[in-house]
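Worksheet: one structure, shown below.
Computed from the coordinates by the stated procedures, all read-outs in this text should not be read as laboratory data. Predicted, not measured: the structure shown is a model, and the values here were computed from it. No Cβ is skipped: glycine too gets one built from the backbone with ideal geometry, and neighbour counts run over all protein chains shown.
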Amino acid sequence: MPPSSLRVVYAFAREMYPKNSDVFIQYGTAGFRTKANLLEHVVYRMGLLAVIRSRVKNGRTVGMMITASHNLEPDNGVKLVDPDGEMLEESWEEIATRLANVSDNDLESTTAEIIKQVNADMSLKASVFIGMDTRYTSPRLAAAAANGVIALKGTPKEFGIVTTPMLHFFVKCRNDNRYGTPTEEGYYDKIVGAFKAFCQKLPVFGDYNTTLYVDGANGVGGKKLNIIKKSLDGELDLHLFNLGGNGGKLNLNCGADFVKVSQSPPAGAELAPLQRAAALDGDGDRIVYYYIDHNNEMQLLDGDRIATLLAGYIAELLRACGASHINIGLVQTAYANGASTKYITEHLKVPVSCVKTGVKHLHRAAQAFDIGVYFEANGHGTVLYSDRAHADIRSIARDGVNVIVRSDPEQRAAAQLLCHVADMTNQTVGDAVSDLLLAEAALRARGLHVARWARAYRDLPCRQLKLLVEDRNVISTTDAERKCTSPEGLQTKIDELVAKYNSGRAFVRPSGTEDIVRVYAEADTRTAADTLAAEVAQAVFDLAGGRGERPVLPA
Ligand code: G16
């Protein structure tokens with residue numbers, strides 16, 4: 001583009017999307033996320049960056065999702081999606097942060113520097129898919145994104161209100177049409193179609209029943225499930241609530257994050273004892289399960305449980321189809337309950353690795369396996385199949401030709417089921433809708449009641465707390481966030497506290513999506529876990545510049 005037309009671009013940016021705040025904004029765990037009123041210039045600039053990214057990728061489509069996911073309604077954010085449907089490559093996060101924070105006067109020169117730095121050929125075409133969640137601030141931000149794309153002569157395509165994982169799926173399909181069709185119908189056809197095909201092969205049996213209650217977090221995921229519900233041909237009987245009507249606020253006292261962190265059922269849940277239920281988050285990329293037991297206590301089946309259910313079932317199918325040469329591994333973070341890790345290694349005998357919080361880290365680690373199952377305890381995860389795994393399973397399913405031996409009809413049938421399981425998986429990123437169908441498929445195949453699923457292992461009692469500090473970045477961590485290296489003395493204090501408790505474990509880290517520090521603790525009893533969490537929170541408050549009231553120990 002000639003410099004004169006670029007000058008118009010930056011004049012337009014100054015007029016329409018001025019940087020009207022000095023608050024430094026950082027690309028966090030999953031993009032930029034803060035109060036919605038601080039974001040317009042950031043999203044416009046990310047539109048510019050998305051065009052540059054698309055050109056660096058030879059004109060392949062990239063994505064922008066306007067959402068603050070699990071955060072409350074006043075927040076918003078933007079997640080950038082790479083051509084394979086994955087999160088933006090990490091090395092670009094610093095570039096994105098730089099562009100988001102420069103003054104209006106420096107926007108032109110900084111953009112030019114970035115174009116040079118990444119060696120973008122600005123004569124190429126550029127294509128950017130844009131989606132948004134249901135927040136009332138999202139349409140304005142989506143328009144800012146599209147204007148940013150247009151400014152650098154890229155082509156935006158707006159999908160309106162979609163889940164985050166849907167947008168990731170569309171981007172991947174646009175760049176690789178073998179994966180699917182980049183439309184909402186294409187998504188339903190592939191993912192829901194595979195679920196129905198799976199169900200047709202396996203009638204309901206045992207203690208499994210098709211009724212499932214789902215908390216939609218008053219966000220987009222529930223709305224999409226409401227569409228899907230009508231096409232399930234009775235294979236799943238969905239009872240949806242918290243769909244955004246009746247004044248229900250997004251993620252407020254509901255949704256996957258609320259259920260996981262508060263360890264209590266969402267508002268609006270009216271469940272009979274032992275009724276299986278699930279909760280999505282605001283943009284439909286996380287899911288947890290739960291039920292109320294006979295003592296009226298909620299039992300949570302979080303991301304760790306879903307991971308073990310899926311890994312166990314996929315490993316069983318692999319054995320049944322005679323594909324033992326295909327390896328399977330599981331990836332977790334420090335938030336994984338210690339009991340789940342023990343169960344996976346000792347009972348499932350599947351290798352586990354632990355990485356930093358953030359789907360981008362888990363996704364990369366999962367790619368090291370033929371089949372990589374990754375889940376964060378908060379319910380964010382999926383399963384990845386390597387090209388080799390795909391090809392081998394399909395070949396066994398189709399003509400019974402294993403790479404090692406000719407397989408029999410039973411092996412072929414198992415491989416066909418595994419093909420459906422792979423097809424109902426959104427392999428680009430964690431997807432609550434796809435994960436729900438996968439979990440239901442695995443429960444159905446095993447004739448499993450939710451209470452029996454929960455009995456596979458007993459979680460160590462755990463507690464998560466959120467803490468306000470002056471500057472959360474004073475905390476830095478190492479060893480997949482299990483130890484902190486600053487501020488001085490904090491790790492020593494945590495070690496002392498943990499040593500007092502049986503099966504004690506605790507760590508702290510700055511959130512990359514909220515302006516808080518997260519504290520995690522687990523121990524052998526509920527009281528011990530709660531007390532340890534509060535003690536660690538007090539240590540953080542004292543040593544890392546706590547704000548507001550000092551945390552109190554449980555009574
Ligand atoms: C995002 C990330 C997740 C992460 C979560 C919380 O989820 O995609 O990987 O676990 O934030 O991150 P943090 O602890 O740094 O706040 P979502 O669903 O909010 O987009």
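For the chain, what does the helix formula give at 222 nm: sum of -39500 (n - 2.57) over DSSP H segments with n ≥ 4, over the residue count, nearest 500 deg cm²/dmol? Write out the running numbers ahead of the final one.
Values: 19 runs with 217 residues, N = 555.
So the calculated ellipticity at 222 nm is -12000 deg cm²/dmol.
Amide H to amide H, with H built 1.01 Å from N, His380 comes under 5 Å of Ile287, counting only residues 5 or more places away or on other chains. Highest mean first, the peptides 378-384, 120-126, 283-289 sorted by other C-beta atoms within 10 Å per residue fall in the order 283-289, 378-384, 120-126. Remark: spin-label model distance Ala197-Asn246 equals 3.9 nm, labels positioned 7 Å along the Cα→Cβ axis. The residues neighbouring Val355, those whose beta-carbon lies less than 14 Å from its own, together hold a net charge of +1 under the Lys/Arg +1, Asp/Glu -1 convention.
Derived scalar couplings between HN and Hα for the stretch 271-280 equal 10, 6, x, 6, 6, 6, 9, 9, 10, 9 Hz in order, rounded to whole Hz, by the Karplus curve 6.51 cos²θ - 1.76 cosθ + 1.60 (θ = phi - 60°), x for Gly and Pro.
Backbone geometry of the stretch 499-513 corresponds, through the Karplus equation with coefficients 6.51, -1.76 and 1.60 at θ = phi - 60°, to 3J(HN,Hα) couplings of 4, 6, 10, 5, 6, x, 7, 7, 7, 9, 7, x, 5, x, 10 Hz, x marking Gly and Pro. Taking a quarter of the surface of the Cα convex hull of the chain gives a mean projected area of 25.4 nm². Taking the charge dipole of the stretch 303-454 about its Cα centre, with +1 at Lys and Arg Cβ atoms and -1 at Asp and Glu Cβ atoms, the residue from Ala445, Val350, Ile314 reaching farthest to the positive side is Val350.
Within the set of other residues whose C-beta is less than 12 Å from the C-beta of Pro487, count the net charge using Lys and Arg as +1 and Asp and Glu as -1. Walk me through the intermediate numbers first.
Values: positive: Arg472, Lys493; negative: Glu470, Asp471, Glu488, Asp542.
Taking every other residue near Pro487 into account, the sum is -2.
Here's how it looks for Thr163: its modeled amide H is under 5 Å from none belonging to a residue 5 or more places away or on a different chain.
When peptides 172-181, 146-155, 271-280, 423-432 are sorted by average Cβ neighbour count within 10 Å, with the highest value leading, the order is 423-432, 146-155, 271-280, 172-181.
Ordering His168, Leu532, Ala267 by Cα displacement along the dipole of the chain toward the positive end leaves His168 in first place; charges were set at the Cβ atoms of Lys, Arg (+1) and Asp, Glu (-1).
Here's the picture: a label point sits 7 Å out from the Cα of Thr527 along the beta-carbon direction, and within the stretch 447-474 the residues with their amide nitrogen under 18 Å of it are 461-463. In a reduced charge model with +1 at each Lys and Arg Cβ and -1 at each Asp and Glu Cβ, the chain shows a dipole moment near 820 debye about its Cα centre. For the pair Asn177 and Leu553, label points projected 7 Å from Cα toward Cβ lie 6.7 nm apart.
Taking other residues whose beta carbon is less than 11 angstrom from the beta carbon of His449, and scoring Lys, Arg as +1 and Asp, Glu as -1, yields +3. Couplings 3J(HN,Hα) for the stretch 107-114, derived from phi with the Karplus relation 6.51 cos²θ - 1.76 cosθ + 1.60 (θ = phi - 60°), are 4, 4, 5, 5, 4, 4, 4, 5 Hz, where x marks Gly and Pro.
Protection proxy ranking, highest mean first, for peptides 184-190, 530-536, 18-24: 530-536, 184-190, 18-24, where packing is the per-residue count of other beta-carbon atoms within 10 Å, averaged.
Over its Cα atoms, what ratio of radius of gyration to 2.2 N^0.38 Å does the stretch 404-515 give? Let's see the in-between values first.
On the way: Rg = 21.9 Å, N = 112, 2.2 N^0.38 = 13.2 Å.
Taking the Cα Rg and dividing by 2.2 N^0.38 Å, one obtains 1.66.
Amide H contacts for Phe375 (H built 1.01 Å from N in the peptide plane; partners 5 or more residues away or on another chain; cut-off under 5 Å): Val331.
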